[in-house]
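Only one structure is covered here, and it is reproduced in the block below.
The values are calculated or read from the model by the stated rules, or taken from the named source; none is laboratory data. In this text, all values refer to a predicted model and were calculated from it rather than measured experimentally. Because the Cβ atoms are built from the backbone with ideal geometry, glycine has one as well, and the counts that use them run over all protein chains shown. In case anyone asks, the SASA skips ligands and DNA or RNA and just uses the protein heavy atoms, side chains included. Shrake-Rupley method; radii C 1.70, N 1.55, O 1.52, S 1.80 Å.
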Amino acid sequence: MTKLKLVDVNYTYSEGTPFRKDALRNINIEIEDNCITGLIGHTGCGKSTLVQLLNGLLFPTSGEVMFDGNNIKEKGYDLKTLRHKVGLVFQYPEYQLFEDTVYDDIAFGPKNMGLPKDEIDRRIKEAALFVGLEERYFEVSPFDLSGGQKRRVAIAGIMAMDPDVLILDEPAAGLDPIGREEILGGIYSYQRKRKNAVVIVSHSMEDMARYSDKLIVMNDGEVFMQGNCREVFSETDKLLSVGLDVPQITKFMRALKSKGIDVRTDIFTVDEAKAEILSKMGGCGNA
Ligand SMILES: Nc1ncnc2c1ncn2[C@@H]1O[C@H](COP(=O)(O)OP(=O)(O)O)[C@@H](O)[C@H]1O
Ligand SMILES: [Mg+2]
């Protein structure tokens, strides 16, 4: 069952002023359970606005946000619980740490939920493992950590709340390739273990091809395409038409095809490309 969805959602900033901006138009999406959804699109297309609607930090100008069958705008709706169940890690969350130690920072969310101390402790240790944060950092001040380490602390803090839906706004932004791999790999392992819904906001097709099950592609405030990776990346021309990219390996397969080699072009991982090329070679090289 899909717990979280947006129905006919529009969002306008600064309505009624000269700064009015239609950030989202006619959004209909469902966030699938037990699935990593990649939310992708150019800077300014509305991704951060959309994720803030998903946990009730912003409310639609029109349309509905539904969680567990309830409209979150209804009178008396428990938004505090919603924000525990739909955990949002902001873009550059490393600027939002404030406790004296790393341990206390990760503990902040679970403590707020009123969990017992030993359960909080268990969750902190587990979340730290997922984000690759060693326990020797627990008693250190978060302000003494590098930017990348601080980000791990912030992500661990939301993971430790064990949300039904974990949303991360550009979790790999500004990291080097190893840092990206570690953070995204950690999020991937977390989702495969938890089997909850995870939404990763990104503008890297390469990263999303590797780590997402499903993609929602946005363009200029609207949902431009959605589907699994194969469905989306098989429409390369459509993506390129609005200046979005496809993974390098997809481009490579297209280049082979344009040279007259009859290979599939709806391929977005190197392993799949290898299997396809070997099959066209009549299996030689398989030995
Ligand atoms: N607080 C705000 N006031 C007015 N316009 C905003 C505000 N925040 C974002 N916008 C505008 O809304 C659009 C969508 O922004 P955003 O959701 O941040 O996009 P993304 O996360 O995809 O980069 C952009 O044109 C942006 O300039
Ligand atoms: Mg953003």
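Scan region 3-20 and give yes if some residue there is more than 14 Å from ligand 1 (Cβ to nearest atom) and polar (S, T, N, Q), otherwise no.
Among the residues of region 3-20, not one is more than 14 Å from ligand 1 (Cβ to nearest atom) and polar (S, T, N, Q), which makes the answer no.
Need pairs with beta-carbon distance below 9 Å; first residue assigned by TED's automatic domain parsing to the domain that holds residue 198 and within region 35-60, second near ligand 1 (Cβ under 6 Å from one of its atoms) and assigned to a helix (DSSP H, G or I); sequence gap 6+ or separate chains.
These pairs meet every condition: 39/47; 40/47; 41/47; 58/49.
All but one of (1) within 16 Å of residue 31 (Cβ to Cβ); (2) at pLDDT 95 or above hold for residue 103, so report the exception by its number.
Only one criterion in (1) within 16 Å of residue 31 (Cβ to Cβ); (2) at pLDDT 95 or above is unmet by residue 103, namely (1).
For region 193-217, which residues satisfy the criterion of being within 16 Å of ligand 1 (Cβ to nearest atom) and either in contact with a Phe, Trp or Tyr (Cβ under 6 Å, 6 or more places away or on another chain) or without any contact (Cβ under 8 Å) to a residue 12 or more places away in the chain (or both)?
Selection gives 217 alone.
So which residues in region 71-100 are away from ligand 2 (no atom under 16 Å from the Cβ) and either more than 30 Å from residue 26 (Cα to Cα) or open to solvent by 70 Å² or more (accessible area, probe 1.4 Å) (or both)?
73, 74, 75, 76, 78, 80, 83, 85, 97, 98, 99, 100
Need the failing condition index for residue 8 against (1) closer than 23 Å to residue 228 by Cα; (2) out of contact with any strand residue (DSSP E or B) (no Cβ under 6 Å at 6 or more places or on another chain); (3) surrounded by fewer than 14 Cβ atoms within 10 Å (Cβ to Cβ), just the number.
(2)
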